[in-house]
Amino acid sequence: MALFRVVARRFGAHSKQFLPSSSFASRQFHDSTTLYSNGQTNLKEILAEIISSEQVRVSDFRKAHGGSVIGQVTVDQAYGGMRGIKGMVYETSVLDPEEGIRFRGYSIPECQELLPKIPGGEEPLPEGIFWLLLTGKIPNKHQVEHLSREWAERADIPSHVVTMLNNFPSTLHPMAQFSAAITALSSESKFAKAYSDGVHKAKYWEYAYEDAMDLIAKLPTVAAMIYRNLYREGTNVGAIDPNNDWSGNFASMLGYDDPYFTELLRLYLCIHSDHEGGNVSAHTVHLVGSALSDPYLSFAAGMNGLAGPLHGLANQEVLVWLERCQEALGGDLTDDNVKNFIWNTLKSGQVVPGYGHAVLRKTDPRYQCQREFALKHLPDDPLFQVVSQLYKLVPDILLEQGKAKNPWPNVDAHSGVLLQHYGMTEMNYYTVLFGVSRALGTLASLVWDRALGLPLERPKSMSTDGLMQLVGVSSSD
Amino acid sequence: MAKRQTWQKRYIDSGKQFEWFFNFETVKRKVLPFIPKSDECRIIDLGCGTSHFTLDLCKASEFQGSVFLTDFSMEAVFHQQKIYAAPQSSEICYDSGIPCNGVPSNSKTSHLDKSAVSTEHKKSSKLKTKMTSFFLCCDAEMLPLKDHSMDLVIDKGTVDSVLKDKNNGLSRARQMLKEAARILTPGGHYIQFTDEDPDARLSLLENSLCDFDVYRHFNITYSSLGFYGNGIEYFLYVVVRK
């Protein structure tokens with residue numbers, strides 16, 4: 001079994017050249033002579049302890065304050081997508097208007113500093129983010145390596161899903177393929193089987209955990225097959241390397257061998273992993289999961305939400321506009337020219353896409369860390385230079401118009417630019433990457449939903465007549 | 001943007017009207033319902049700047065009570081005096097904490113002895129109303145006003161400016177909101193115009209107004225004012241003291 005193999009290697013290794021080191025991206029387990037006990041890397045055991053104490057904490061809180069009022073609901077909110085209504089509990093991340101998204105309380109800069117990286121690497125590993133989201137604790141290097149190995153072992157997909165993917169026409173959007181394949185993977189669901197075997201509800205979370213681990217492990221394989229089928233003439237994704245981390249395997253299955261692309265992928269998969277519970281994809285996973293649909297069905301539903309133009313497609317709009325700007329200015333990117341282009345856009349009643357995060361008061365750290373990556377690795381990329389310049393100029397222009405709103409660029413603007421640089425120009429595919437990343441947060445949350453025994457979700461709906469009556473208006477008015 | 005000097009300089013360089021987000025006409029329908037009817041009532045504009053919003057509001061509603069125009073920039077207060085047709089020679093009290101004669105003051109902050117005599121009572125013949133206007137140069141984070149003395153508090157872009165302070169924006173905004181809550185009468189409204197999203201602004205309001213169990217003491221709601229050009233959505237946040 002996996003753990004036994006790892007332990008044996010550590011005991012046996014004396015030289016650093018135990019495994020062939022084919023690229024900067026492969027990792028070696030034998031650099032440590034300390035034995036890490038089974039208990040310290042067994043995520044499920046660690047989680048079980050944390051869950052029991054958290055269950056008590058929540059239960060005590062609800063006993064003392066369950067009836068406290070925490071907000072007021074208006075008619076507009078009922079018509080307005082429930083915006084602002086505090087109606088859901090979601091533990092894994094919270095959006096801080098000052099610091100950006102916080103994963104279990106840790107901001108992105110803090111995660112970048114504290115989470116393990118590959119030897120010689122600079123970007124945190126998504127395995128570490130998942131560990132943090134699930135347990136609330138920062139993992140150490142060994143725990144992360146263990147997780148990489150476990151995911152590598154769980155990565156195989158059943159042949160019926162392979163057949164299904166290979167039979168999809170190229171006209172079927174990548175997100176539709178992605179969601180369909182995930183739904184079909186539910187044949188592997190341990191949760192569904194346990195439920196039909198009548199397992200006690202106190203154990204639901206354990207099966208949700210198993211399915212989450214399996215699904216996360218399989219997503220890169222599915223996503224890479226979709227990519228290869230659509231854009232690389234159906235070439236083979238190749239085998240999973242058990243010594244490679246999750247992102248490393250993903251990159252090589254996609255057919256990218258630049259180690260900096262893999263670093264980018266690590267960063268990308270970390271920063272998109274979670275964004276509170278109210279957004280369509282996270283809420284859907286939570287909602288569908290509350291009916292005790294297995295995690296595969298729940299996550300696939302979330303992906304159907306992510307496919308909607310209002311949720312996951314922002315990155316495309318931005319890229320299109322940036323390219324238009326580049327074309328219009330033909331490489332003559334003086335501040336004045338760029339300013340004129342912006343003003344012309346605004347005057348013609350259009351919006352400059354990709355700026356102004358609705359909620360943040362400062363620059364989105366997800367934008368910031370991508371900018372830093374670009375400055376380090378691709379400072380001369382022409383599209384990056386357009387982004388840099390535009391967003392240097394846009395804030396002042398907005399201020400001139402008497403707007404207070406945070407005018408800083410959107411995380412999506414930047415991700416498109418970075419992916420393009422390494423050769424991933426297929427914009428239709430970007431949302432699939434986003435989806436793979438979002439699995440980390442939404443599935444970690446789903447495990448906790450079952451652990452805390454959260455019930456079926458069911459807000460009260462009202463008809464217009466009903467609302468009028470409630471407010472004291474005659475419905476014939 | 002959060003500094004007094006910035007605004008002083010700005011108003012000195014250009015004495016023109018400056019409106020954050022939009023002017024009164026745009027949101028007239030939404031605001032008029034908040035104007036109290038009684039001539040005993042008091043309206044205060046926190047951080048009035050060189051905006052004509054409150055003046056337009058008072059004219060449109062034929063407000064009969066007292067209106068207070070406050071700003072930490074002297075230039076702004078001078079500007080307001082002009083547009084309310086108050087005489088140039090009146091003096092204005094400055095520096096928070098100085099008790100101003102004829103104006104309700106916060107006894108906690110009265111500690112300075114040197115002060116200009118405060119305010120200007122002016123029955124404005126232009127407006128043909130009983131309305132009286134007061135002009136205070138003071139800091140919204142430390143208002144020289146009694147608890148529960150204002151029926152309507154108006155904030156258009158003020159807390160937004162304070163939030164721009166890179167180092168202390170959040171704590172200053174909290175302080176300002178606490179003060180606004182303090183001077184609000186029971187049943188009074190604090191209305192805030194901004195482009196900040198409810199996810200951010202609601203939690204700021206909830207965390208600032210009151211240290212404990214905020215919804216026991218206040219109701220906080222918001223409505224969207226719509227999109228006025230450039231795809232930016234504006235909001236009206238309403239806090240009512242119970």
> Where the only charges are on Cβ atoms (+1 Lys, Arg; -1 Asp, Glu), what is the dipole of chain A about its Cα centre, to the nearest 20 debye?
Replying inline: 920
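Per-residue mean of other chain beta-carbon atoms within 10 angstrom of the beta-carbon, peptide B:197-206?
So the per-residue partner count for this stretch is 6.
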> When the Debye formula is applied to the Cα atoms of chain A, each taken as the same point scatterer, what base-10 log of I(q)/I(0) results at q = 0.07, 0.11 Å⁻¹?
Replying inline: -0.40, -0.98
> Could you give the nm distance between label points at residue A:54 and residue B:40, where each point is 7 Å from its Cα heading toward the beta carbon?
Replying inline: 5.5
> Got a sec to turn the phi values of the range A:277-283 into Karplus ³J(HN,Hα) couplings, 6.51 cos²θ - 1.76 cosθ + 1.60 with θ = phi - 60°, whole Hz, x for Gly and Pro?
Replying inline: x, x, 5, 4, 5, 5, 5
> Among A:418, A:134, which comes first, second and so on when ranked by fewest other beta-carbon atoms within 10 Å?
Replying inline: A:418, A:134
>> Placing +1 on the Cβ of each Lys and Arg and -1 on the Cβ of each Asp and Glu in the range A:234-295, which of A:286, A:273, A:234 has its Cα farthest towards the positive end of the resulting dipole?
In response: A:286
>> Name the residue from A:433, A:174, A:75 whose Cα lies farthest towards the positive end of the charge dipole of chain A, charges +1 on Cβ of Lys and Arg and -1 on Cβ of Asp and Glu.
In response: A:75
>> Taking the beta-carbon count within 10 Å as an exposure proxy, list A:68, B:203, B:51 from fewest neighbours to most.
In response: A:68, B:203, B:51
> Taking neighbour Cβ counts within 10 Å as the exposure measure, how do A:183, A:334, A:74 sort from fewest upward?
Replying inline: A:334, A:74, A:183
> For the range A:63-120, what is the charge dipole size about the Cα centre, in debye to the nearest 20, if Lys and Arg each add +1 at the Cβ and Asp and Glu each add -1 at the Cβ?
Replying inline: 260
>> Longer than 28 Å from Cα to Cα, which of A:392/B:3; A:392/B:30; A:63/B:178; A:347/B:164 are they? Say none if no pair is.
In response: A:392/B:30; A:63/B:178
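Assign unit charges at the C-beta atoms only (+1 for Lys and Arg, -1 for Asp and Glu), then state the dipole size of the range B:20-82 relative to its Cα centre in Debye, rounded to the nearest 20.
220
Throughout, read-outs are computed from the coordinates displayed, never taken from laboratory work. Because the structure is a prediction, the values reported are computed rather than measured. Every residue, glycine as well, gets a Cβ built from its backbone with ideal geometry; the counts of neighbours run over all protein chains shown.
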